[in-house]
Amino acid sequence: MKNIYAIALSLLVLTSCNNNKDQRILTASSGNINTLLVVVDNLLWDDSVGETIRNVFTAPVPALTQEEPLFSLSQMPSSVFDGFATKNRIILKIEKGGEAGMSILHEVYARPQTVVVVSGKTDQEINDLLEAHGEEIIAAFKAEELKENQRRIQISLMDDTPLQKALGVKLNFQTAYRYAKQDKDFFWIRKDIPTGTMDLMVYEVPLDYIRNGDSTILDIIRMRDSIGEVHIPGPVEGSYLITDGAYTPYLHETTIDGRPAYETKGIWDVKNAFMAGPFINYAIEDKPNNRYVVIEGYVFAPSVEKRNNIFELESIIKSIKIL
């Protein structure tokens, strides 16, 4: 009996040591936001597999003023995929020769991390899997990057007490932002960047302000333009923020803070002035208070890439909690 207890104790100690070892092995991941490491042999990268990867993962981000890819790609062959390279936060690994399949794995080499493995016996099998599961894979990578952005934001949080008191919402945003305007139930929050500004608007409108159906996008545009006219002046007299009529905004139904919401992406413009940029708007249904909580981020940064700026604003927006 004593021997049985001794063996059990030894196994427990070994298991504990292994667990601790795993904790040490899984060091912190690294990498720039929205930078995808592609582990694929050079011959495949230069052939149809590489072409499919680029078509899927560098497709243009919707509703930006200039064409920018979903991800910035960095490629390396599997023979040198070792050491620091394995610590990248998002990794796409292509394995030719095995059974056809796609797996989404987490915390394989580092923490946090998402690794997607796509395998097949032929190039065509791999291409078919990449195309069939492209949206699912992109969503997994974007979810990882959203979490990382939000983790970075939480390092230095701005006091959101004014938002809690006036609108009954909590929001995580950095101290690099400032309250530019507060007018009863409207907030304009801004961050200066080298090439312009990143802006947030938070406000509320009655539930009947946005109707469900074919008129939804028209109601949202009308709402945005009326808010812009009252609260967001342009650089010259008589100018103010509006929705660019040359581009039809993208509308999608989603959930924010567990509540139904309309997601709208499009291009903003300034009436009577030459200014424009991308925006992302969420109208979040708050039935108990008979309102929509509306939160929008937009970027003004002429002639430079804005993908990561708008993604930072999206990360802030998706931290919102309605109290």
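The values are calculated or read from the model by the stated rules, or taken from the named source; none is laboratory data. Fair warning: this is a prediction, and the values are worked out from it, not measured in the lab. Here Cβ is always computed from backbone atoms with ideal geometry, including for glycine, and neighbour counts include all displayed protein chains. Note: accessible area is taken over every heavy atom of the protein model, side chains too, but ligands, DNA and RNA are not part of it. Shrake-Rupley method; radii C 1.70, N 1.55, O 1.52, S 1.80 Å.
Share of the chain's accessible area from carbon and sulfur, percent, 1.4 Å? Provide the component values of the computation, followed by the final result.
Values: 8520 of 16300 Å².
Summing carbon and sulfur atoms, their accessible area is 52 percent of the total for the chain.
Where does the charge balance sit around Asp159 when Lys and Arg score +1, Asp and Glu -1, over other residues with C-beta under 14 Å from its C-beta?
Values: positive: Lys165, Lys170, Arg178; negative: Asp160.
Once positives and negatives cancel, what remains is +2.
Let's see if you can work this out: charge +1 on each Lys and Arg Cβ, -1 on each Asp and Glu Cβ, no other charges. What is the dipole magnitude of segment 169-323 about its Cα centre, in debye to the nearest 20?
Here segment 169-323 has a charge dipole of around 380 debye.
When the expected Rg is taken as 2.2 N^0.38 Å, what fraction or multiple of it is the alpha-carbon Rg of segment 250-308? Don't skip to the answer; put the middle values down first.
Details: Rg = 14.0 Å, N = 59, 2.2 N^0.38 = 10.4 Å.
That works out to 1.35 for segment 250-308.
Any idea what angle helix 123-132 forms with the longest principal axis of the chain, computed on alpha-carbon atoms, 0 to 90 degrees, nearest 10?
With both axes taken from Cα atoms, the answer is about 40 degrees.
At 1.4 Å probe size, with every protein chain present, just tell me what the per residue accessible area of segment 170-305 comes to in Å².
Values: 6460 Å² over 136 residues.
Per residue, segment 170-305 has an accessible area of 47 Å².
Report, in listed order, any pair from Lys271/Lys306; Lys87/Lys306; Lys170/Lys318; Lys170/Lys287 with a Cα-Cα distance greater than 19 Å.
Details: Lys271/Lys306 22 Å; Lys87/Lys306 26 Å; Lys170/Lys318 11 Å; Lys170/Lys287 17 Å.
The pairs that break the limit, which is 19 Å between Cα atoms, are Lys271/Lys306; Lys87/Lys306.
How large is the helix-only mean residue ellipticity at 222 nm for the chain, computed as the sum of -39500 (n - 2.57) over DSSP H runs with n ≥ 4, divided by its residue count, in deg cm²/dmol to the nearest 500?
On the way: 8 runs with 102 residues, N = 323.
Value at 222 nm, helices only, nearest 500: -10000 deg cm²/dmol.
Place +1 on the Cβ of every Lys and Arg and -1 on the Cβ of every Asp and Glu in the chain, take the dipole about the Cα centre, and give the residue among Pro288, Pro194, Ile137 whose Cα lies farthest towards its positive end.
Pro288
Add +1 for every Lys or Arg and -1 for every Asp or Glu among the other residues with Cβ under 9 Å from the Cβ of Leu44, and state the total. It would help to have the intermediate numbers written out before the result.
Values: positive: Lys96; negative: Asp41, Asp46, Asp47, Asp123.
Overall, the nearby charge balance is -3.
For the pair Thr216 and Val80, how long in nm is the line joining their label points, each one 7 Å along Cα→Cβ?
Modelled inter-label distance: 4.8 nm.
Would any residue of segment 68-91 have its amide N under 19 Å from a label point 7 Å out along Cα→Cβ of Lys147? List them or say none.
86-91
Considering just Cα atoms, how many Å³ per residue does the convex hull of the chain enclose?
On the way: hull volume 66.0 nm³, N = 323.
With only Cα atoms used, the chain gives 204 Å³ per residue.
May I ask for the net charge around Ile193, where only other residues with Cβ less than 15 Å from the Cβ of Ile193 are counted and Lys, Arg are +1 while Asp, Glu are -1? Before the final figure, lay out each step's value.
On the way: positive: Arg178, Arg190, Lys191, Lys306, Arg307; negative: Asp192, Asp199, Glu305, Glu312.
Neighbourhood net charge equals +1.
Just how large is the dipole of the chain about the Cα centre, in debye to the nearest 20, putting +1 at every Lys and Arg Cβ and -1 at every Asp and Glu Cβ? Don't skip to the answer; put the middle values down first.
Numbers: 33 positive and 44 negative charges, 300 e Å.
That gives a dipole near 1440 debye.
About the Cα centre of segment 98-245, how large is the charge dipole given +1 on each Lys and Arg Cβ and -1 on each Asp and Glu Cβ? Please answer in debye to the nearest 20. Please report the intermediate quantities before stating the final value.
Details: 16 positive and 25 negative charges, 169 e Å.
Using Cβ point charges on Lys, Arg, Asp and Glu, segment 98-245 gives about 820 debye.
Quick one: check the C-alpha center-to-center distance for segment 209-272 versus segment 288-310, whole angstrom.
About 10 Å separates the Cα centre of segment 209-272 from the one of segment 288-310.
Does anyone have the angle between helix 48-57 and the longest principal axis of the chain? Alpha-carbon axes, 0 to 90°, nearest 10?
Rounded to the nearest ten degrees, it is 40.
Tell me, what is the Rg over Rh of segment 65-149, with Rh the Kirkwood radius over Cα pairs? Could the numbers behind the result be given before it?
Numbers: Rg = 13.5 Å, Rh = 13.8 Å.
Here Rg/Rh amounts to 0.97.
Give me the extension gain from Thr35 to Thr197: residue separation times 0.36 nm, minus the current Cα-Cα distance, reported in nm with one decimal. Don't skip to the end; give the middle numbers.
Values: separation 162, 0.36 × 162 = 58.32 nm, distance 2.31 nm.
Fully extending the segment from Thr35 to Thr197 adds 56.0 nm.
Going toward the positive end of the dipole of the chain, with +1 on Lys and Arg Cβ and -1 on Asp and Glu Cβ, which of Ala246, Leu167, Ser78 do you reach last?
Leu167
Can you tell me which of Asn34, Asn308, Asn42 moves the most in a GNM of the chain? Springs connect C-alpha atoms under 10 Å apart.
Judging by the Gaussian network model, the answer is Asn42.
Using +1 at the C-beta of Lys and Arg and -1 at the C-beta of Asp and Glu, which of Gly97, Gly31, Phe311 has the Cα lying farthest in the positive direction of the dipole of the chain?
Gly31
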